[in-house]
Amino acid sequence: MPPKAKAAPKAKEFEKPKEAPPPPRTLNEQSHQRYELAHPLHEAFQKVGISGLSAPELQLWTSAQYCRATAASSGTAHKKQQQQLGNKAHRETWRTFNEASLPLRVPKKPTCWGKDFAGRDVGELSLDQFRARFEKRARLTCLLAARETSSPQSEPELIKEKRRRLEMATLRSELYGELVGSLARDPAWDDVVPIPLNEPDNALAAIAYPDDYAEAISYLRAVMASKEYSPRCLKLTEHIISMNPAHYTVWLYRFSIIKALGLAIPDEIQWLNSVALQHLKNYQIWHHRHLLIDNYYPKIADDKEQVARLATSERDFITTMLAEDTKNYHVWSYRQFLVRRLQAWRDPEERRAVEGLIDDDVRNNSAWSHRFFLAFTDPEQTTAGSHATEADLAVPAAVIDEELAYAKAKIDLAPQNQSPWNYLRGVLVKGGRKLASVEEFASGFVADLGDAEKEEVRSTHALDLLAEIYAEKGDKDKAALCLDRLGDEWDRIRKGYWDWRKKTLTTAV
């Protein structure tokens, strides 16, 4: 008999990485690490696919798929799969799987763990923080279960019940940021005597407050009267603000609590962001933000890195707010305050942000106004107290030239847009320059004026400016012609206004 052929060499078994991964720091890291340990080929499979796996990797991958599917199937299905594969191949597959020390039951692919009441990702908690959170939730569940079976009768039982309720209130506040149920029934407020609003019976315009709001305000009066500044009072202000964000007094009290307790201003700003997005036109929210920045900035003023981070985070939030309403007065007013407070007149990011808003909507007067503010209120290159509509010779000529060029470029994009024409006039006034300095530019939008057949006006604002230029130069006939054509042809709806302007030409001194 011929000698037996040598068996083909077996593929080298898949070797797991010897270097242990670093211990996980957060819940997300632990979830991903556990998933990777149970699926050692997951990363390679995602990168190169099944066809890109080496022979040992492919053998391990198919063994894991088969064994886990087999273990999860019923007894009959298990036998059927074994018969299809064959006993020897079945044993080899299980041997490969067992030698790799892979678990049969595997965790699902990591997903989001959700967010806590402050909007933070639970998955970013450290393992100790998550363990403490889990224990609190388990403890709260036990306390809730005890409530279903307890019926205190004696004094010791009542004391025990109060303690249980107090612990529940503390846990719910820490876990979910909630004031649970009526304040009168909340053990955390047992020591406070509320001060209700007692209006006379014959009050002319008594306000019918909802019961929960009236109760919360009565507790607010009590803690304010006693000048209490505590975490529970801070939570009370949040509760009242959720019902009435326009309550000016509660915002002032909240700021006093933050100052008294020395709480972190960035945390308060993060909470405030969510409230502002729910109430876009609320003034009190922005005044509270003013106070927070005024309190926080002096503490970090010497740290340029922290100031830069604050400027970036505030600018990002302002962008989010303006995406909801690009002409929100409160947001633009706060933006000017922030520029003054952080001395950000020449911050290139601030300039780029405003230019981006103008590029998005060249008719956004709010964005144009803010650009004018940045250019002409910088204390290093303007006169202190200079009015927006008066000449300021302290402004460098280069700044005037730059702003004129910018306005002209935007006028070319939309000649009938009034915003850049107004900006152009404002810049000329600030620079102490004559309107006639842009006569050639304005004339480019008007052709053959007075010739009914050939006359072309691409911008009524250019024609209006030309009327002022001619009046400035003393050429009243040309100025009158411009105003006549505006009233008779190009802007008839305001003919009365243009006629009045024409009369002022003869009465002007």
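Coordinate-derived values only; no laboratory data. Bear in mind that the values here come from a model prediction, so they are computed numbers and not experimental data. Cβ coordinates were reconstructed from backbone atoms using ideal geometry, including for glycine residues, and neighbour counts include every protein chain displayed.
Worth a mention:
- Dipole magnitude of the chain about its Cα centre (Cβ charges: Lys, Arg +1; Asp, Glu -1), debye to nearest 20: 3120
- Under the Karplus curve 6.51 cos²θ - 1.76 cosθ + 1.60, θ = phi - 60°, whole-Hz ³J(HN,Hα) for the stretch 366-375, x wherever Gly or Pro sits: 5, 5, 4, 4, 5, 4, 4, 4, 4, 6
- FRET efficiency estimate (nearest 0.05) - Cβ-Cβ, A405 to T383, R0 22 angstrom: 0.40
- 3J(HN,Hα) along the stretch 416-427: 8, 8, 6, 4, x, 5, 4, 4, 4, 4, x, 5 Hz, from the Karplus curve 6.51 cos²θ - 1.76 cosθ + 1.60 with θ = phi - 60°, whole Hz, x for Gly and Pro.
- With each label modelled as a point 7 angstrom along the Cα→C-beta vector, the A71-S230 pair spans 5.4 nm.
- Overall form of the stretch 436-509 per C-alpha gyration tensor (a/c, 1.5; a/b vs b/c): oblate
- From helices alone, the chain scores -20000 deg cm²/dmol at 222 nm; the rule is -39500 (n - 2.57) for each run of n ≥ 4 DSSP H residues, then divide by the residue total.
- Applying a DSSP loop filter and a limit of 16 other Cβ atoms within 10 Å to the GluC sites (Glu not before Pro) in the stretch 437-509 leaves E453, E455.
- In the stretch 441-476, trypsin sites (Lys or Arg not before Pro) in a DSSP loop with at most 15 other beta-carbon atoms within 10 Å: K454, R458
- Dipole check for the stretch 191-301: with +1 at the C-beta of Lys and Arg, -1 at the C-beta of Asp and Glu, and the Cα centre as origin, the magnitude is about 500 Debye.
- Separation between Cα centres of the stretch 264-307 and the stretch 449-478, rounded to whole Å: 50
- With viscosity 1.306 mPa s and temperature 10 °C, the Kirkwood radius over alpha carbon pairs of the chain converts through Stokes-Einstein to a diffusion coefficient of 51 µm²/s.
- Selected from W498, S274, F134, residue furthest toward positive end of dipole (the chain; charges at beta carbon): F134
- For the peptides 239-249, 123-133, residues were scored by their other Cβ atoms within 10 Å and the scores averaged per peptide; the highest-first order is 239-249, 123-133.
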